[in-house]
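Notes follow once the structure below has been shown.
Every number in this text was worked out from the coordinates using simple rules, so none of it is lab data. Remember, it's a predicted structure, so these values are computed and weren't measured experimentally. Using ideal geometry, Cβ is built from the backbone for each residue, glycine included, and neighbour counts are taken over all protein chains shown.
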Amino acid sequence: MTARRPILVALDAFGTIFSPRKPIGEQYVSVAEEHGLKGLSVDGVNRSFKSAFKHMSQEHPNYGKISDMKSSNLWWYELINRTFSPHLSTEKQQMMPPGLAPALLHRFSSSLGYQVHDDAARLLEKLKSLRAQLAATDQQLVVGVLSNSDDRVPSILRSLGFQVSLPGLSDTPQAINAPTPNDHCQFVALSYDIGYEKPSAQIFDYAAVLVREYLISSSRKTCPITKLYIGDDVEKDIKGANDAGWHSILIDRNDKSIAGIKDPLQLFKRMESASKNGQVFNERVSSLLEPEN
């Protein structure tokens, strides 16, 4: 008997699974005030953060990986410096507090800075339970995260209550640990590790190859994989995934006129049907999993 196609579900992290607990500018100003910088404008800091992020991404893409910065922390230190520099008073000879950048990095590496979306938490919990259910029907389900990010994502996920056994996917087998039945995420694939960013098809291809190599069971190694990507950005997430041959779901929580996911198993059946017909499945939803009545 031919083994059933494995199903690979990868989710975007920022904006899909979790988002800032409060607006970035508000959190930056709050932490800055704790370190002695007073009288800052939230709107002003928010604007300078967006400008700094845009220019840093252009000058040092992929959190400094492409421009060979020694660590992503240095990338963030420079961004934080550029964010606050326009607001420092030369008359008062204000200087950047030495503890400000480390404090912000610590905050935005955990649940201090981020909160989970309830529908994402429900979906990840449901997918964890479905792995055993599908295994009983000789089908393998692999669930993980694929994100344009540095190495903070696993620590953020863990601090939000998710079980993540893997530090990430890289090109070395030593980075791959055996997942456990309690894991919500069996892998975390980051642009910083892989060297490519969404919407490049290469990051999707790379993640799929590594999942097949290290997480798909030996009896299914040669089976086609039904691949689904879930994200909130049309260009980076949806178009990028489709160009790489993945099915996709766009989460749009602001549009209550559209339905949410009610049954992932029915979703998988529609995806498998599309795959067998050589088609790409796309859907836009308002919730990653509707609450049970």
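The stretch between GLN279 and GLN202 holds 25.7 nm of extra length on full extension. This uses 0.36 nm per residue minus the Cα-Cα distance.
Dipole orientation for the range 1-144: of the candidates LEU11, HIS55, ALA101, LEU11 has the Cα lying most toward the positive pole (charges on Cβ; Lys, Arg +1; Asp, Glu -1).
For ARG21, the amide hydrogen comes within under 5 Å of the amide hydrogens of TYR114, GLN115, counting only partners 5 or more places away or on other chains and with H modelled in the peptide plane.
Normalised by residue count, the chain yields a Cα convex hull volume of 142 Å³ per residue. Dipole magnitude for the range 22-107: computed about the Cα centre from +1 point charges on Lys and Arg Cβ and -1 point charges on Asp and Glu Cβ, it is near 140 debye. When each of THR83, THR180, THR226, THR90 is scored by the number of other beta-carbon atoms lying within 10 Å, the sequence from fewest to most is THR90, THR180, THR226, THR83.
Looking at the chain alone, DSSP beta bridges between its own residues are antiparallel in about 10 percent of cases.
Its Cα centre serving as origin, the chain has a Cβ charge dipole (Lys and Arg +1, Asp and Glu -1) of approximately 420 debye. In this simple spin-label approximation, ARG4 and ASN81 carry label points 7 Å from Cα along the Cα→Cβ vector, and these lie 5.5 nm apart.
Helix 118-135 axis versus longest C-alpha principal axis of the chain: approximately 30°, rounded to the nearest ten.
From helices alone, the chain scores -11500 deg cm²/dmol at 222 nm; the rule is -39500 (n - 2.57) for each run of n ≥ 4 DSSP H residues, then divide by the residue total.
Exposed loop sites here mean GluC sites (Glu not before Pro) with a DSSP loop assignment and at most 16 other beta-carbon atoms within 10 Å; the chain contains its longest site-free run at 92-291. Separation of the range 261-293 and the range 55-108 by C-alpha centroid, Å? A separation of 41 Å, based on Cα centres. With a Förster radius of 22 Å applied to the beta-carbon distance between LYS269 and SER217, the computed FRET efficiency rounds to 0.55. Size of the range 22-107 from its Cα atoms: along the principal axes, largest to smallest, the extents are 36, 28, 23 Å.
Both numbers refer to the Cα atoms of the range 1-159; Rg and Dmax are 20.0, 78 Å.
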